[in-house]
Amino acid sequence: MKIAFIIYDKMTTLDFIGAYDPITRLKTMGFINNLEYDVCSNKNKVTAAEGLEIAADKILNNLSEYNFIVVPGGEGVKYIAQDKEFIEWIKTAKDKSTITSVCGGSIILGLAGLIKDKKATTHPLLMENLKKFTAKATDKRIVEDGNIITARGVTSSIDLGLFLCEKIAGKEIRIKIQKQMDYLNYNCD
């Protein structure tokens, strides 16, 4: 099982960390020992919107080798949208992986052509932008349509992480991770 966490300049830190924390607990809590995960980017180090610097493990690697890919949103979406190399890189995941996003990350998926004719969600303030890429935009917290899973605004990143834990390891494991995190507000609706 391999998971790629995508990072880029001016992304929202919680969009990334909110999913990263519960998913990596699958391994750190001993549920899936062969779980591998990489922080992937188009450069060695990024600076999140809040100023946190995060180093990447892999640079512009082939994303089709991952079972799951997590794309955060944030202010940086408007800049990364202009980066054709980055968008082409995201496309390398197209048919082989489950591709997920938080908040404006769904706009990146739209730019890569991954959500055409798919149900998807994003932050309520970005809903009109999302409708440029799919006629099936919805305001649900977590939306799954085939190999695409999208989550609404920043705090839904934690829900997405727990949703993926359940998808990967089952409800019982998700509940154990949720309790360890002391997260009482899990909501996929």
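The values are calculated or read from the model by the stated rules, or taken from the named source; none is laboratory data. Because the structure is predicted, anything quoted here is derived from the model rather than measured. Cβ atoms come from the backbone with ideal geometry, glycine included; neighbour counts cover every protein chain shown. Ligands, DNA and RNA are stripped out before the accessible areas are found, and what is left, the full protein with its side chains, is counted by its heavy atoms. Shrake-Rupley method; radii C 1.70, N 1.55, O 1.52, S 1.80 Å.
Pairs of alpha-carbon atoms within less than 8 angstrom and 6+ residues apart define the contacts here; what relative contact order does the stretch 1-109 have, in percent?
About 32 percent, as a whole number.
With the dipole of the chain worked out from charges on the C-beta (+1 for Lys and Arg, -1 for Asp and Glu) around the Cα centre, which of 23, 133, 162 lies farthest toward the positive end?
Farthest along the dipole direction, towards plus: 133.
Ranked highest first by average number of other Cβ atoms within 10 Å, how do 15-27, 124-136 line up?
Order by mean packing, descending: 15-27, 124-136.
For the chain, what is the calculated [θ] at 222 nm in deg cm²/dmol (nearest 500), taking -39500 (n - 2.57) for each run of four or more DSSP H residues and dividing by its residue count?
Only helices count here, giving -9500 deg cm²/dmol.
Sort out for me the Cα centre separation of the stretch 153-186 from the stretch 1-33, rounded to whole Å.
12
Under a Cβ-only charge scheme (Lys and Arg +1, Asp and Glu -1), can you give me the dipole magnitude of the stretch 5-153 about the Cα centre, in debye to the nearest 20?
420
Using label points projected 7 Å from each Cα along Cα→Cβ, tell me how many nm separate residue 182 and residue 116, to one decimal.
4.8
With mean projected area of the Cα convex hull in nm² defined as stated, name the option among (i) 10.0; (ii) 11.0; (iii) 9.4 computed from the structure displayed.
Read-out taken from this structure: (iii).
Under a point spin-label approximation (7 Å from Cα along Cα-to-Cβ), what is the residue 27-residue 53 distance to one decimal in nm?
About 2.4 nm separates the two model spin labels.
Please compute the contact order of the stretch 76-189 in relative form: average sequence separation of alpha-carbon pairs under 8 Å and at least six residues apart, divided by the residue count, as a percent.
That works out to 22 percent.
Can you send over the carbon and sulfur percentage of the accessible area for the stretch 94-167, probe radius 1.4 Å, protein chains only?
After summing per-atom areas, the C and S share lands at 48 percent.
Students often check this: by mean Cβ neighbours within 10 Å, which of 159-172, 41-54 ranks highest, and how do the rest follow?
So the peptides 159-172, 41-54, ranked by packing, come out 159-172, 41-54.
Could you report the chain's accessible area per residue, 1.4 Å probe, as an integer in Å²?
Per residue, the chain has 46 Å² of solvent-accessible surface.
Expressed as cubic angstrom per residue, what is the convex hull volume of the alpha carbon set of the stretch 5-66?
Considering the Cα atoms of the stretch 5-66, their hull volume per residue is 81 Å³.
Length gain on complete extension for the stretch residue 67 to residue 125, per 0.36 nm per residue less the alpha carbon to alpha carbon distance?
Stretched fully, the residue 67-residue 125 segment lengthens by 17.9 nm.
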